[in-house]
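Right, one structure below, let's go through it.
What follows draws every value from the coordinates through simple rules; no lab data is involved. Nothing here was measured: the structure is a model prediction, and the numbers come from that model. Heads up, the Cβs are rebuilt from the backbone with ideal geometry, glycines too, and the neighbour counts pull from every protein chain shown.
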């Protein structure tokens with residue numbers, strides 16, 4: 001106290017006063033900064049996550065940690081393969097589903113390709129077309145009852161379909177269908193036109209046996 005009383009003129013005037021104010025200000029600043037750091041580090045697990053739609057095609061996730069904000073873009077679910085996505089993001093898949101790859105070959109092209117090779121090669125070439133999905137326009141020429149032991153609860157029929165091409169190709173497709181699934185067959189007439197999508201199971205000259213078929217009535 002005696003030293004302060006002897007040097008008060010030096011402390012509060014001129015350079016001494018400025019130096020004292022600078023030291024006090026520095027100490028106050030350090031005190032508040034250390035207090036702020038202790039508040040942030042006391043709860044390091046506190047994370048605020050919120051969803052925000054930046055536009056109709058992108059969802060954005062905002063993460064706040066202390067005073068740091070991070071935005072991570074996430075791709076929104078988009079319609080694909082005929083799926084419909086409504087406001088509640090409920091996905092509806094159309095039924096029946098069509099094969100992803102359908103050959104554009106005509107029945108007459110397959111018939112002529114097999115017809116033009118030597119006899120011993122016909123069977124091997126015919127097998128190359130088995131498993132291929134085709135889509136042909138046809139007309140009904142015959143419907144026969146068919147017993148299916150694997151599923152006796154349904155009524156099955158065997159269809160004989162004339163394949164429609166221009167010019168006329170004289171090719172036929174054969175397939176099995178359920179009267180319960182295709183009620184139109186119960187009232188179908190000779191010549192009723194249908195589009196058939198199916199997998200080639202067997203090729204024999206101008207006759208094509210199809211499986212895994214789907215019928216489309218006009």
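Structure summary
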| item | result |
| --- | --- |
| Residues residue 201 and residue 106, FRET efficiency given R0 of 30 Å [Cβ-Cβ distance, rounded to 0.05] | 0.95 |
| Potential extension, residue 184-residue 148 segment - 0.36 nm per residue separation minus Cα distance | 11.0 nm |
| Contour minus Cα-Cα distance for residue 123 and residue 137 (0.36 nm per residue) | 2.5 nm |
